[in-house]
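To start, the structure itself, in structure tokens.
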Amino acid sequence: MKIAVSVGDINGVGIEILIRSHKEISQFCEPYYFVHQKLLNQALKLLNLKLENANLVAFSKAEKQEFNFVKKEKKLNIFSFTSALEFELDCDFEIKAGEIDEKSGAYSFLSFQAANHFVKQHYANALVTLSIHKKAWDKAGIKFKGHTDALRSFYQKNAIMMLGCKELFVGLFTEHIPLNQVSQKIEFKALAEFLRDFYLQTRFKKIGVLAFNPHAGDYGVIGGEEEKIITEAIQFTNAYLNFLQSDLETKKEFLTSIKENKRNNFYEILENKKLKKKLTENFKQKCFYLPYPLVADTAFTKDSLKQCRHFVAMYHDLGLAPLKALYFEKSVNVSLNLPIIRTSVDHGTAFDKAYKNAKINTKSYKEAVNFAIYLAKLRQKHNFEI
């Protein structure tokens with residue numbers, strides 16, 4: 001399995017995490033590091049470390065996309081990759097450990113963009129990104145607020161943000177919006193589409209949807225309108241997924257019975273009240289999602305997590321505060337619902353620890369690589385378009 005790795009902000013800890021993890025990572029995948037040899041050598045000298053038997057990809061801007069082997073030097077395989085990058089590359093600069101810098105910000109963006117093109121062209125199975133600094137991107141004139149924002153623009157797709165590790169994963173229905181705007185975003189069609197995509201991208205066996213209001217609305221005592229919408233979306237999505245996994249004869253019989261022979265498209269069903277109602281009534285074999293919203297303040301207890309460890313949260317902090325309290329060091333950031341697979345470490349650039357040979361935790365990076373491989377195998381198994 002081939003993995004493209006963008007190096008993140010080279011003034012931060014990403015390059016050290018990459019170097020220290022290489023021997024272990026390369027035991028179960030073939031990583032390609034999007035960093036130029038000159039910058040890597042600077043980092044190795046500052047850290048007093050070695051990197052051997054690794055693939056380096058020297059990327060540059062060109063209209064024609066090409067990938068070639070260049071040479072083997074000092075136990076490193078050097079490749080060149082050209083693609084249509086946002087702007088011209090400058091890799092002739094000094095690493096400034098722990099500093100927010102325009103040049104390192106621009107370089108981290110182009111490393112990410114080139115690695116993305118590399119995966120898009122099927123030279124690798126997945127993209128793993130190391131941490132960038134948003135202010136450094138801003139100083140470099142990059143319009144995106146981060147990797148996910150950029151990927152949405154690159155592919156014109158509504159990427160789903162999911163964070164976690166094998167012990168606990170949380171998908172976010174809304175992300176970085178003010179809390180007072182979340183309620184109006186909880187709308188049946190949008191939520192049903194999200195739940196469908198979240199399951200199809202992960203194939204988790206049991207998923208719980210966290211309620212929006214305290215105590216899941218407490219039977220209407222504490223709000224509860226959002227919980228009604230969530231329940232309806234869960235029930236419809238479960239029915240649709242059962243329908244989707246039925247054999248062709250079952251689908252045909254159902255559609256014929258309600259005189260809707262041609263309407264088997266998700267959006268057509270969603271828009272047709274009669275078909276939506278009949279579908280929900282007739283396809284109840286399996287619960288892909290637990291049937292009702294979960295009370296969020298008890299969902300993350302030790303006993304509850306034994307029953308369900310995959311969740312959808314209506315807003316950012318509802319799901320991520322408990323996740324980071326429990327598994328901050330190992331959790332990863334995953335972009336779902338894209339033509340490519342992308343995972344990332346779920347921590348920042350840690351400028352305060354950069355190039356100090358401080359104690360650096362590599363768990364999140366290793367988890368990101370492992371989960372990227374899991375998703376790549378899942379796509380191969382289910383024949384996802386990529």
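Points worth noting:
- Distance in nm between pseudo-label sites at residue 143 and residue 292 (7 Å out along the Cβ direction from Cα): 4.7 nm
- Taking the square roots of 5 times each eigenvalue of the Cα gyration tensor of segment 82-168, largest first, gives ellipsoid semi-axes of 23, 17, 13 Å.
- The apolar share of the surface of the chain, taken as the fraction of accessible area on carbon and sulfur atoms (1.4 Å probe, ligands and nucleic acids excluded), comes to 49 percent.
- Accessible surface for the chain, divided over its residues, is 48 Å² per residue with a 1.4 Å probe.
- Against the main long axis of the alpha-carbon atoms of the chain, helix 14-25 sits at an angle near 80°.
- For segment 190-205, Karplus couplings with θ = phi - 60° (6.51, -1.76, 1.60), whole Hz, Gly/Pro x: 5, 6, 4, 5, 4, 5, 4, 5, 4, 5, 5, 7, 10, 6, 4, 6
- Angle in degrees between helix 273-282 and the longest Cα principal axis of the chain, rounded to the nearest 10: 90 degrees
- With N the number of residues in segment 78-227, Rg(Cα) / (2.2 N^0.38 Å) evaluates to 1.34.
- Look at the dipole of the chain built from charges on Cβ: of 269, 25, 42, the Cα furthest out on the positive end belongs to 25.
- Tilt relative to the chain, helix 316-327 - C-alpha long axis, 0 to 90 degrees, to 10: 60 degrees
- Charged neighbours of residue 152, selected by a Cβ distance under 14 Å, balance to +1 (K, R count +1; D, E count -1).
- Backbone geometry of segment 287-296 corresponds, through the Karplus equation with coefficients 6.51, -1.76 and 1.60 at θ = phi - 60°, to 3J(HN,Hα) couplings of 9, 6, 10, 4, x, 9, x, 8, 5, 5 Hz, x marking Gly and Pro.
- Between segment 1-57 and segment 328-386, the Cα center-to-center distance that results, in Å: 15 Å
- Chain lengthening between residue 87 and residue 326 when straightened (0.36 nm per residue, less Cα-Cα): 82.0 nm
- Pairwise inverse Cα distances across segment 168-313, averaged and inverted, put the Kirkwood hydrodynamic radius at 16.1 Å.
- Each residue, residue 37 and residue 267, gets one label point 7 Å from its Cα in the Cβ direction; the gap between the two is 5.0 nm.
- Relative contact order of segment 240-386, taken over Cα pairs closer than 8 Å and 6 or more residues apart, is 15 percent.
- Here the Kirkwood formula puts the hydrodynamic radius of the chain at 22.4 Å, using every distinct Cα pair.
- Antiparallel DSSP beta bridges within the chain, percent to nearest 5: 40 percent
- The magnitude of the dipole of segment 124-180, with charges of +1 and -1 set on the Cβ of Lys/Arg and Asp/Glu and taken from the Cα centre, is near 200 debye.
- Subset of 157/306; 145/356; 23/45 violating a 24 Å alpha-carbon distance limit: 157/306; 145/356
- Residue (of 326, 79, 176) at the positive-pole extreme of the chain, dipole from beta-carbon charges: 79
- Hz values of 3J(HN,Hα) by residue in segment 75-80 - Karplus curve (6.51, -1.76, 1.60), Gly and Pro given as x: 6, 10, 8, 9, 10, 10
- Take every pair of alpha-carbon atoms less than 8 Å apart whose residues are at least six positions apart; their mean separation over the length of the chain yields a relative contact order of 22 percent.
The values are calculated or read from the model by the stated rules, or taken from the named source; none is laboratory data. On a predicted model such as this, the values are computed, not experimentally measured, just so you know. FYI the Cβ positions are ideal-geometry reconstructions off the backbone, even for glycines, and counts take in every protein chain you see. Please note that ligands, DNA and RNA were not included when accessible areas were found on the heavy atoms of the full protein model with its side chains. Shrake-Rupley method; radii C 1.70, N 1.55, O 1.52, S 1.80 Å.
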